[in-house]
Amino acid sequence: MPSRLFHVVLLTDEIDEVARFLTEVVGLTDPRWFPNDAEQSSRVFGWPVVEAPGRRVVIGQPPGMVELVEIPEALRGEVRPGVAFLAFATPDVEGYAERAALAGFDVGTVDTVAGAGEPSTLVPVTVGGLPWEFMRFGG
């Protein structure tokens, strides 16, 4: 059972500035940079596949990491900066998806994506207009 928020995923069109703020001012450490995967961003965020999908950076250690996702140049003005997901880590993604659906919440599709270095299984749940996510590392 999740006991705390694992990480937040934020969308930004100023990834270098936000990363600098989080490391230099806030004091988060260990930034890990990755290229965005256009097809994965399409599946996870519903974006159209673009030629230059941008970058991602995960800053800090779990729990409490911040993941920044750069809004691709081609989508700026269409995609607004803000919270993409508030994520809870759990080995039982499917069980939490079922519990949320039975409780009447808007549950998306359970999906496995490449993740940051290893596959991750995710399911989005929208509650009160907020984007929540249950996730499991390692597929």
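How many residues, within the stretch 9-25, are of a type outside the set (D, E) and open to solvent by 80 Å² or more (accessible area, probe 1.4 Å)? Working first, answer last.
So the first thing to find is which residues in the stretch 9-25 are of a type outside the set (D, E), and the list is 9-12, 15, 18-23, 25.
Next cut, open to solvent by 80 Å² or more (accessible area, probe 1.4 Å) only: 20-21, 25.
Going through the stretch 9-25 one residue at a time, the tally reaches 3.
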Strands (runs of 3 or more DSSP E) wholly inside the stretch 55-139 containing at least 2 residues that are in contact (Cβ under 8 Å) with a residue 24 or more places away in the chain and over 16 Å from P2 (Cβ atoms): 55-59, 65-70, 82-89, 111-113
Residues being farther than 19 Å from R43 by Cβ and either among the small types (G, A, S) or open to solvent by less than 30 Å² (accessible area, probe 1.4 Å) (or both) - total across the stretch 97-110: 4
Selection status of F6, open to solvent by less than 60 Å² (accessible area, probe 1.4 Å), under 26 Å from D92 (Cβ atoms), without any contact (Cβ under 8 Å) to a residue 40 or more places away in the chain and not basic (K, R): no
Odd one out for L28 among (1) assigned to a loop (DSSP other than H, G, I, E, B); (2) open to solvent by 50 Å² or more (accessible area, probe 1.4 Å); (3) in contact (Cβ under 8 Å) with a residue 24 or more places away in the chain; (4) farther than 20 Å from T112 by Cα: (2)
Total residues in the stretch 1-31, condition under 21 Å from V44 (Cα atoms) and modelled with pLDDT under 95: 3
Every residue from the stretch 1-25 that is part of a helix (DSSP H, G or I) and of a type in the set (G, A, S): A19
Number of positions in the stretch 111-123 that are open to solvent by 30 Å² or more (accessible area, probe 1.4 Å) and either at positive phi or at pLDDT 95 or above (or both): 1
Exclusive hit being in contact with a helix residue (DSSP H, G or I) (Cβ under 7 Å, 6 or more places away or on another chain) and farther than 15 Å from E133 by Cβ, set V50, V25, V79: V50
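The values are calculated or read from the model by the stated rules, or taken from the named source; none is laboratory data. Nothing here was measured: the structure is a model prediction, and the numbers come from that model. When we count neighbours, we look across all protein chains shown, and the Cβ atoms used for this are built from the backbone with ideal geometry, even at glycine. For the accessible areas, the whole protein counts, side chains as well, though only heavy atoms, and no ligand, DNA or RNA atoms are used. Shrake-Rupley method; radii C 1.70, N 1.55, O 1.52, S 1.80 Å.
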